[in-house]
Amino acid sequence: MMWDDHDIIDGWGSYDLEWQESPVFQGLWSVAREHFALFQLATSAGDLPDGLSDRSGHQFGWAYRLGRIGILAPDLRSERSRERVMGEAGWRALETSLERMADCRHILLLSSVPLVNVQLHTLERLFSLIPGHEEWQDDLIDQWPSLAHWDEWTRLLGRLVRFSAEPDRSRSRLFRVKSTWGHGA
């Protein structure tokens, strides 16, 4: 399980910074974080199980291995903002997880933000001109190939391609990507 915006508040990470850092939104974040840990991980946010990249509960990215198969689920909400999908802690966790899976033959990547999607750049530009557009635009920018996240998306794809091309995996290597939609992943 990996959480998505609806597990916190619809559009979490797509609001202006003032809203995102407001006491009300931070309160919602705190309660959502505690309940995600309780209901999805059966623990408290301060006592997370092995496999999670940050056992303090500030982010919930995780990685597990089953033999030479790695399963990787980055947390794409904890550090989310209008300008980024993953913060530096998330990128470090991703890199560390891939390093630990260096001898895996296959990787299953779970992404709660669509990794591949129709590019709707024209609509994004149009909605940015309409006052109050956040209500409509959050779903447009809540995808990796959005204009707001294009550089980060290409960074992720480049890293996955490099991982896939490493010598032990380049022969008969199948890279699997799963994007999830809707409430929670």
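Brief remarks follow.
- Two-site FRET efficiency, R68 against H35, from Cβ-Cβ distance with R₀ of 25 Å, rounded to 0.05: 0.10
- Net length gained if the chain between D10 and L157 were fully extended (0.36 nm per residue, minus Cα distance): 50.3 nm
- Note on A89 and S164: the model spin-label points, each 7 Å out from Cα along the C-beta direction, lie 3.0 nm apart.
- Förster-model FRET efficiency, 35 Å R0, R105 and T43, C-beta, rounded to 0.05: 0.70
Read the figures in this text as sums done on the coordinates, not as results from a lab. Keep in mind the model is a prediction, meaning the values are calculated, not measured. Positions of Cβ are generated from backbone atoms using ideal geometry, with glycine treated the same way; all protein chains shown enter the neighbour counts.
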